[in-house]
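The values are calculated or read from the model by the stated rules, or taken from the named source; none is laboratory data. Remember, predicted model here, so these are calculated numbers, not experimental data. Glycine also receives a Cβ, built like all others from the backbone with ideal geometry; neighbour counts cover every protein chain displayed.
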């Protein structure tokens with residue numbers, strides 16, 4: 001079996017192995033006097049994602065809630081660009097909570113909270129992620145296409161670690177015609193006023209651009225210029241060092257590049273959940289004169305039932321001076337997929 005397939009099968013088993021059951025000891029109190037005991041998974045885009053015993057996973061809009069209790073520690077992003085860590089206690093004012101921090105209690109309106117992420121006390125429960133798989137076949141051209149992507153995320157205090165992978169295999173009448181694979185490990189350190197520092201290492205293969213293997217390391221910093229309940233705009237810059245091997249030679253080349261990142265996320269507040277993610281990456285080369293590499297991905301996803309999504313994505317790659325002189329300078333792929341998320 002091809003080594004690439006073995007790697008992706010291993011990733012799927014790792015993602016499946018870490019799913020588990022959480023303790024449902026959080027309480028949401030509603031304006032009408034009702035309350036539910038649950039496990040708060042996340043708060044994003046104006047909705048609490050909570051797990052209950054009787055109703056499985058449900059979504060609750062923040063303006064329906066009077067107050068909240070949870071003994072777990074949360075990382076809470078506020079609309080004044082600050083982040084605080086603490087447990088949550090009920091308050092006597094509708095639409096507010098107390099955040100218990102080291103120096104005491106802070107009274108905060110739910111409307112001022114942008115995001116809440118549990119910082120869980122057990123190692124395995126700090127993981128979350130998703131898997132997306134798609135397949136298409138065109139009878140007229142006899143071209144089949146298999147796509148795969150996954151994300152495994154680990155969230156300790158002030159940090160965010162992500163292991164992401166993606167693969168695209170295209171074949172015509174059973175013969176492989178192109179491959180595009182990525183595996184990346186990224187570490188982010190959150191700083192004040194929505195600033196962050198990051199580093200990543202990864203590998204890439206793109207047969208259409210004549211790239212057999214690229215091993216790359218990146219260091220950079222960025223800022224959430226916009227981060228509200230419905231959208232997020234992240235910009236970042238950095239430097240990159242990579243080693244490339246082309247498909248038509250065994251020669252290795254070392255390249256130094258700049259990195260420019262612009263990422264935008266839009267969440268349409270509705271049930272089912274609906275989001276659009278647009279990511280643009282540019283790599284101006286310091287080693288090869290006038291060389292530019294660009295990648296762009298646009299994905300649109302909708303959750304049809306709890307933790308199950310359907311989506312469509314566009315993936316574009318460009319290299320005006322690719323490693324192989326006989327390859328094309330760009331390729332584009334459009335695919336649909338079905339995905340599963342876990343917390």
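Test residue 204 against the stated conditions and say whether it is more than 17 Å from the chain's Cα centre (by Cα), within 30 Å of residue 251 (Cβ to Cβ), in the same structural domain as residue 251 (by TED's automatic domain parsing) and not in a strand (DSSP E or B). Please lay out each step first, then the result.
Values: more than 17 Å from the chain's Cα centre (by Cα): yes; within 30 Å of residue 251 (Cβ to Cβ): yes; in the same structural domain as residue 251 (by TED's automatic domain parsing): yes; not in a strand (DSSP E or B): no.
Judged against the criteria, residue 204 is not a match.
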Of (1) within 22 Å of residue 335 (Cβ to Cβ); (2) in contact with a strand residue (DSSP E or B) (Cβ under 8 Å, 6 or more places away or on another chain), residue 305 satisfies all except one. Which?
(2)
Hits in region 236-279 - residues which are without any contact (Cβ under 8 Å) to a residue 12 or more places away in the chain and either touching a strand residue (DSSP E or B) at 6+ places or on another chain (Cβ under 6 Å) or under 24 Å from residue 80 (Cα atoms) (or both)
252
Working carefully through the options 295, 278, find the one that is more than 21 Å from residue 323 (Cα to Cα) and assigned to a strand (DSSP E or B).
278
Output the residue which, of all residues in region 186-224 that are in contact with a strand residue (DSSP E or B) (Cβ under 6 Å, 6 or more places away or on another chain) and closer than 14 Å to residue 77 by Cβ, is surrounded by the fewest Cβ atoms within 10 Å (Cβ to Cβ).
195
Residue check for residue 233: farther than 19 Å from residue 163 by Cα, in contact with a strand residue (DSSP E or B) (Cβ under 7 Å, 6 or more places away or on another chain) and buried (at least 18 other Cβ atoms within 10 Å of the Cβ):
no
With the requirement that a residue be surrounded by 15 or more Cβ atoms within 10 Å (Cβ to Cβ) and either assigned to a strand (DSSP E or B) or modelled with pLDDT of 90 or more (or both), what does region 236-257 give you?
236, 238, 240, 241, 242, 244, 245, 246, 255, 257
Residue match in region 283-292 (condition: touching a strand residue (DSSP E or B) at 6+ places or on another chain (Cβ under 7 Å), at pLDDT 95 or above, crowded, with 18+ Cβ neighbours inside 10 Å and assigned by TED's automatic domain parsing to the domain that holds residue 204)
yes
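Rundown of residues vs (1) at pLDDT 90 or above; (2) touching a helix residue (DSSP H, G or I) at 6+ places or on another chain (Cβ under 9 Å); (3) under 15 Å from residue 109 (Cα atoms), yes/no style:
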{"residue": "5", "(1), (2), (3)": "no, no, no"}
{"residue": "16", "(1), (2), (3)": "no, no, no"}
{"residue": "22", "(1), (2), (3)": "no, yes, no"}
{"residue": "42", "(1), (2), (3)": "no, no, no"}
{"residue": "52", "(1), (2), (3)": "no, no, no"}
{"residue": "61", "(1), (2), (3)": "no, no, yes"}
{"residue": "68", "(1), (2), (3)": "yes, yes, yes"}
{"residue": "88", "(1), (2), (3)": "yes, no, yes"}
{"residue": "94", "(1), (2), (3)": "yes, no, yes"}
Search result, residues across region 104-122 that are touching a strand residue (DSSP E or B) at 6+ places or on another chain (Cβ under 9 Å) and modelled with pLDDT under 90
117, 118, 119, 120, 121
Residues of region 298-326 being crowded, with 16+ Cβ neighbours inside 10 Å, at pLDDT 85 or above and either outside the structural domain of residue 251 (by TED's automatic domain parsing) or not in a strand (DSSP E or B) (or both), which ones?
322, 323
